[in-house]
Amino acid sequence: MPVLIKNIKGLIGTDDVAMLKRCGSEMAILNSIPVSYVYIEDEKISDFGRMNEMPENLVQSHFHDTEIIDASGKFVFPSFCDPHTHIVYAGSREQEFADRIRGLSYEEIARRGGGILNSAKKLHETSEDELFDQSIIRINEIIGLGTGAVEIKSGYGLNTEDELKMLRVIRRIKGSAMLEVKSTFLGAHAVPEPFRNERKKYIELIINEMIPVIASEELADYIDVFCDDGFFTIDETEQILMAGIKYGLIPKLHSNEIGNSGGVQVGVKYNALSVDHLERSGADEIEALLDSETMPTLLPGSALFLRLPDPPARKMIDAGLPVALASDFNPGSSPSGNMRLVMSLGCIRLNMLPEEAINAVTINSAYAMGISDTHGSIAKGKVANLFITKEMPSYSFFPYAFGSNLIDTIILKGRINPPTPL
Ligand code: NIG
Ligand code: FE
């Protein structure tokens, strides 16, 4: 049934000219329409504008088969797009959380076989159905928190069978949840135990066995490598990306989280859709990104959780770059998929203006997952993924009141409060 949302106090993130991303000073521009309406038909945004310019057929819509929502005092936002998550995982790692509070570092925990390898062990012991059941709980949670599109990585399998298990679970989520899903193969997340002294062999396994089968079963859209100190070198990253590209997988990279790894430059060289983390990056990385179409994607939740230095969002935007924000939802460095908190951290920790942070979790984050032509803003013909807030004084209240639940009604593909799988 068509949906008409009317008397909206502020319709946020509207686009007349479809913009695929916002760069530099454009990030501070947040188009919005006061006292407005949105009309949704066949899962798409079909019309929007000012209430006093609403076409006659919509004014009369209460006579037709249309669901009408009065949003007086409330705001409508495009759903969050979360372009970097590891939401498919087994169990949890609160023990390591406590170990870090006692003084161990993330790297020390990883060296002792904890961290990613700990999650890989748990995932190996978990059946595919159970993995789906655990993951869909988190998917339903992020839908309730306003996320309408999510990128999900493999990378807790670290052998062909378990990587495939993860990717099949991602595909099942794609088929059963109402939000948009993109899938990323991250076999190069860590070197697994059996290959500890033969890392070259693990890289060969990724290149010669995993990538071909994943590509032939069309299980991934993107390929990622944890290109950082203690994980994968520049050289290894290049080999893996080239193999993925050969099979049509577009690169996205983890880099510059632990050290100034040179990963940003590699990402740019291979035309990565995004380079993510970037806590340890500076003028050289900004320079490299300025010459590219690659989206710097920052993960303030994991910087907060691991007490890392904050990534240089302000410097990037001031230099003319776009910035996207993502949750990095995973059991080790960011056990939260709350994109509204991520947006607030963008303001609080990264010094982004409310307008910049909102663009960073909508249009720019849609770009970082390759969907900004269909998601990430309120534009005619885009997928009707949006939410209605509770009553608020202004849109800046949304990142400001960071602990309050301010989302009232979720709409995905034109469905109000979409049914949750399970
Ligand atoms: O993005 N940095 C690499 N990967 C994840 C963490 C994975 C984990 O600790 O399980 C991240 O932070
Ligand atoms: Fe990550």
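Take Arg111, Arg307, Arg349 and sort them by solvent-accessible surface of the protein heavy atoms, 1.4 Å probe, largest at the top.
Per-residue accessible area, sorted high to low, gives Arg307, Arg111, Arg349.
Can you compute the FRET efficiency between Gln95 and Glu56 using 1/(1 + (r/R0)^6), with r the Cβ-Cβ distance and R0 = 60 Å? Round to the nearest 0.05.
The formula returns an efficiency of 0.45 here.
From the alpha carbon gyration tensor of the chain, can you work out the equivalent ellipsoid semi-axes (sqrt of 5 times each eigenvalue) and give them in Å, largest to smallest?
They are 37, 23, 20 Å, listed from largest to smallest.
Based on Cα coordinates alone, diagonalise the gyration tensor for the range 96-247, multiply each eigenvalue by 5, take square roots, and list the semi-axes in whole Å, largest first.
Its equivalent ellipsoid spans semi-axes of 24, 22, 14 Å.
Out of residues 5 or more away from Lys390 or on other chains, whose amide H comes under 5 Å of its own, with H placed 1.01 Å from N in the peptide plane?
Ile407, Asp408
In nm, give the distance between the simple-model label positions of Asp65 and Lys315, each being 7 Å from the Cα along the Cα-to-Cβ direction.
If labels sit at Asp65 and Lys315, their model points lie 5.8 nm apart.
What's the FRET efficiency of Glu287 with Glu217 using the Cβ-Cβ distance as r and R₀ = 35 Å, to the nearest 0.05?
So the FRET efficiency works out to roughly 0.35.
Return the subset of Lys246/Lys315; Lys21/Lys174; Lys74/Lys413; Lys174/Lys380; Lys121/Lys315; Lys153/Lys269 for which the Cα-Cα distance in this structure is over 31 Å, preserving the input order.
Long pairs (Cα-Cα over 31 Å): Lys246/Lys315; Lys121/Lys315.
Could you calculate the contour length gain from Arg349 to Arg102, that is, 0.36 nm times the residue separation minus the distance between their Cα atoms, to one decimal place in nm?
Here the answer is 86.5 nm.
At a 1.4 Å probe radius, carbon and sulfur cover how many percent of the accessible area of the range 267-422?
It is 50 percent, rounded to a whole number.
With label points built 7 Å along Cα→Cβ from the Cα atoms of Asn31 and Phe397, find their separation and express it in nm.
2.5
The values are calculated or read from the model by the stated rules, or taken from the named source; none is laboratory data. Computed from a predicted structure; not experimentally measured. As a convention, Cβ positions derive from the backbone with ideal geometry for all residues, glycine included, and neighbour counts pool all protein chains shown. Each accessible area value is taken on the protein alone, full model and side chains, heavy atoms only, with ligands, DNA and RNA left out. Shrake-Rupley method; radii C 1.70, N 1.55, O 1.52, S 1.80 Å.
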